[in-house]
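Take a look at the structure set out below.
The values are calculated or read from the model by the stated rules, or taken from the named source; none is laboratory data. It should be emphasised that the depicted structure is a prediction, and the values quoted were computed from it without experimental measurement. Here the Cβ positions follow ideal geometry from the backbone for every residue, glycine too, while neighbour counts run over all protein chains shown.
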Amino acid sequence: MSTTTLLVIAKEPRPGRVKTRLTPPFSRVEAAELAEAALADTLRAVAATPARRRVLVLDGAPGPWLPPGFDVVPQCAGGLDERLADAFAGCPGPALLIGMDTPQVTPELLTVDFADCDACFGPAEDGGFWALGLVRPDPALVRGVPMSTPVTGAAQRARLLAAGLRVRDLPRLRDVDTAADASAVAALAPQGRFATRLAACPAVTDRRADR
């Protein structure tokens, strides 16, 4: 078993609280259902990845989408940087943190080797990052980094390098933020719950009928 703790930071998929940039073309209920499917795919990949511990750092309450084998801890108050920092603060050893926006993630991508690095960094196509791994989780490496901007990923990676860490870059992935993102990501993992749920949305089926 890996000595790494796998962390997933997520929001409970409730209408109006998640994936608001998907509305329109999707309704708030559809956006929440897509978020739930993305979270379920993410958790399934994490569950299949060797780990010392698996933790869901959750804003809200767990639902039937949560598989067994996860510890659930609440997110702290504050901005995203504070919540990420707090998640790492609870880890005594190597930890890899991801979000719920990349349902195409696989156990292979999450099985990271810290043998010759101090940190792993997974850049996202929108300028953010989808994964951050630290051999020695230090909240100060995250706290204060500007979040949800086109330069968030660059700023986070620069913070790691400024601390003298050896950084290994993981493959670049696309987050699901917009309808175009949803279609592109679903095509990468067509057998997942996210792709199945997207295909059933009226906004998608109606568009196909118009072709």
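At a glance:
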item	result
Condition broken by Gly99, with the remaining ones in (1) within 18 Å of Asp41 (Cβ to Cβ); (2) of a type in the set (Gly, Ala, Ser); (3) more than 19 Å from the chain's Cα centre (by Cα) satisfied	(3)
Residue ranges of strands (runs of 3 or more DSSP E) in segment 1-105 with at least 1 members in contact (Cβ under 8 Å) with a residue 24 or more places away in the chain and buried (at least 19 other Cβ atoms within 10 Å of the Cβ)	5-11, 53-59, 95-98
Residue count, segment 92-102 (criterion: over 16 Å from Val167 (Cα atoms) and touching a strand residue (DSSP E or B) at 6+ places or on another chain (Cβ under 6 Å))	4
Residue in segment 133-143 that is touching a helix residue (DSSP H, G or I) at 6+ places or on another chain (Cβ under 7 Å), modelled with pLDDT under 95 and not aromatic (Phe, Trp, Tyr) present	no
Selection count, segment 168-198, where residues are buried (at least 17 other Cβ atoms within 10 Å of the Cβ) and among the hydroxyl-bearing types (Ser, Thr, Tyr)	0
Helices (runs of 4 or more DSSP H) fully within segment 115-211 counting 2 or more residues that are over 19 Å from Leu97 (Cβ atoms)	179-188, 193-199, 202-209
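Residues checked against (1) within 29 Å of Gly164 (Cβ to Cβ); (2) modelled with pLDDT under 95; (3) among the hydrophobic types (A, V, I, L, M, F, W, C):
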residue	(1), (2), (3)
Pro15	no, no, no
Val18	no, no, yes
Leu39	no, no, yes
Leu43	no, no, yes
Ala51	yes, no, yes
Asp59	no, no, no
Pro62	no, no, no
Gln104	no, no, no
Leu110	yes, no, yes
